[in-house]
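To keep things clear, I will list the structure first and then write my remarks on it.
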Amino acid sequence: MLDNSTPANTDVLFQPLSVGSLELKNRIVMAPMTRNMAPEGVPNAANAEYYKRRAENAVGLIISEGTVINRPASRNEQHIPFFHGDDALSGWKGVIDAVHSAGGKMGPQIWHTGATRGSGDWTPEADVESPSGLLAPDKPRGQQMTEEDIADTIAAFAQAALDAKTLGFDMAELHGAHGYLIDEFFWSGTNQRDDAWGGATLPERSRFAVEMVRAVRAAVGPDFPIALRISQWKQQDYAVRLAPTPQELEAWVAPLSEAGVDIFHGSQRRFWEPEFPEIDGEQGLNFAGWLKKITGKTVISVGSVGLEGDFFGAFAGKGSGTAEITDLIRRMENDEFDLIGVGRALLSDPAWAAKIARGAGDELKGYDPADLFKLG
Ligand SMILES: Cc1cc2nc3c(=O)[nH]c(=O)nc-3n(C[C@H](O)[C@H](O)[C@H](O)COP(=O)(O)O)c2cc1C
């Protein structure tokens, strides 16, 4: 444990890591954050510069904001970027070239927003689609997907991953978390199908994701890293836990791992919260930690890094953020997880990782919600 006079030793954050063809210089990942700032769905120079600023400032891996597949109603806000069509893909080429010019690595987060609503009034022209036409239990929204819709959606995810590889991205992440389309298949509250895409058990409801991972893997070949982001919680209900026991978690993720996931991104809101404290205690493994223990794959954790208490002071060995940084370093030194996602702290401070690297904790700019409205 650090005492109050010892600056945090962050060396563990700056170790290299290889996953397939992906070679990372350190363990800091920019978490995917929707910005809704690609005009009419096409990323432009401002979007490229936004990512490049993080690449120039020591972020090891950038995962893009969610960017949507070629389906009629795959996004729920007007300026969410497409990941299909010549204009948008050419915009993304500008993004990855800019990131590479600054020595960074990046993958798009490939997405379909399912039955969810965006924050504004905008809605897609086509009907939204989801496993059972439900946004949440007893909340109908949109169309139940047909067999053909499902096949086309899986093919569109695979095409997007292949396009990511062709454009020169270093990996791709599939967004299977937070109550969007893939997660709507996982969750019994939104998947009430009685065909082969539904069922009483989580492994039955995982077939859509398993088939998708297989299709993506077949499209991109063996070496291009595929990440899958999953969460227990849903935006529709933070209290939902898809897998309340390690056995159920294993039944859920082992088939996904076998289907070809290289990196599991275990999304939780606070990285220090143990997933099954009844088994390994209050300091026990977090969600990503259990994903690593079960699958043996590379895992990314995430959740409130740099937000709790006085993270600035923590880097000088004082202040209420000390427990947080100490806990992060302890977990990473124990190989509980391999990579740590940073969202809001990096949104407000593009130089966050570079400042940590040179021990300049006192220069960190804290998260400011006003930054949500700019591409700073
Ligand atoms: C503005 C904003 C947009 C987000 N958009 C996405 C998204 O597109 N895809 C996703 O998987 N998570 C998204 N998230 C969740 C983040 O990736 C991350 O898991 C969450 O913010 C917790 O990390 P943090 O505490 O470091 O911010 C978003 C979060 C924020 C703040």
Original post:
For region 22-106, rounded, prolate or oblate, judged on the Cα gyration tensor with a ≥ b ≥ c (square roots of eigenvalues), a/c < 1.5 rounded, else prolate if a/b > b/c?
Top reply: prolate
Subject >> Within the accessible area of the chain (1.4 Å probe), percent carbon and sulfur >> reply: 49
Original post:
Per Stokes-Einstein, at 37 °C and 0.692 mPa s, what whole-number D in µm² s⁻¹ belongs to region 128-227, with the Kirkwood radius over Cα pairs as the hydrodynamic radius?
Top reply: 235
Subject >> Size of charge dipole - region 1-144 - debye, nearest 20, with Cβ of Lys, Arg +1 and Asp, Glu -1, no other charges >> reply: 240
**OP:** Please go through the residue pairs 25/297; 52/105; 234/374; 52/365; 292/365; 234/297 and name each one whose alpha carbons sit more than 22 Å apart in this structure.
**Re:** 234/374; 292/365; 234/297
**OP:** Tabulate in residue order the Karplus-calculated ³J(HN,Hα) for region 340-350, using 6.51 cos²θ - 1.76 cosθ + 1.60 with θ = phi - 60°, rounded to whole Hz; enter x for Gly and Pro.
**Re:** 10, x, 10, x, 4, 4, 7, 5, 7, 10, x
Original post:
Under the classification rounded if a/c is under 1.5, otherwise prolate if a/b is larger than b/c and oblate if not, where does region 135-179 fall, given a ≥ b ≥ c as square roots of the Cα gyration tensor eigenvalues?
Top reply: oblate
Original post:
What accessible area per residue comes out for region 11-373, rounded to a whole number of Å², with a 1.4 Å probe?
Top reply: 37
**OP:** Using per-residue counts of other Cβ atoms within 10 Å, averaged over each peptide, order 164-173, 61-70, 329-338, 252-261 from highest down.
**Re:** 61-70, 164-173, 252-261, 329-338
**OP:** Give, rounded to the nearest 20 debye, the magnitude of the charge dipole that the chain has about its Cα centre when Lys and Arg contribute +1 at Cβ and Asp and Glu contribute -1 at Cβ.
**Re:** 620
Original post:
Which length gain, in nm to one decimal place, applies between residue 218 and residue 357 when the Cα-Cα distance is subtracted from 0.36 nm times their residue separation?
Top reply: 46.2 nm
Original post:
Using mean Cβ contacts within 10 Å as the protection proxy, how do 95-105, 204-214, 117-127 order, highest first?
Top reply: 204-214, 95-105, 117-127
Original post:
Given the Cα-Cα distance of residue 90 and residue 44 and 0.36 nm per residue of separation, how much length would full extension add, in nm?
Top reply: 15.7 nm
Subject >> Contact order relative to length of the chain, as percent, for alpha carbon pairs under 8 angstrom and 6 or more apart >> reply: 17
Original post:
How would you order 235-246, 263-274 from highest to lowest mean count of nearby Cβ atoms within 10 Å?
Top reply: 263-274, 235-246
Original post:
Considering amide H positions built from the backbone, and no H for Pro or chain starts, which residues 5 or more places from residue 298, or on another chain, come under 5 Å of its amide H?
Top reply: 264
Original post:
What list of ³J(HN,Hα) values in whole Hz, one per residue of region 287-300 in order, does the Karplus curve 6.51 cos²θ - 1.76 cosθ + 1.60 (θ = phi - 60°) give from phi, with Gly and Pro shown as x?
Top reply: 4, 4, x, 5, 4, 5, 4, 7, 9, x, 7, 5, 10, 10
**OP:** Quick one: which residues, 5 or more positions from residue 66 or on another chain, have an amide H under 5 Å from its amide H? H modelled 1.01 Å from N in the peptide plane, none for Pro or chain starts.
**Re:** 33, 34
**OP:** List, in order, the whole-Hz ³J(HN,Hα) value for each residue of region 177-185 obtained from phi through the Karplus relation with A = 6.51, B = -1.76, C = 1.60 and θ = phi - 60°; use x for Gly and Pro.
**Re:** 10, 6, x, 8, 3, 4, 5, 5, 6
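The values are calculated or read from the model by the stated rules, or taken from the named source; none is laboratory data. Since the model is a prediction, treat every value here as computed from it, not as a measurement. Cβ atoms come from the backbone with ideal geometry, glycine included; neighbour counts cover every protein chain shown. These accessible areas exclude ligands, DNA and RNA; they are computed on the full protein's heavy atoms, side chains included. Shrake-Rupley method; radii C 1.70, N 1.55, O 1.52, S 1.80 Å.
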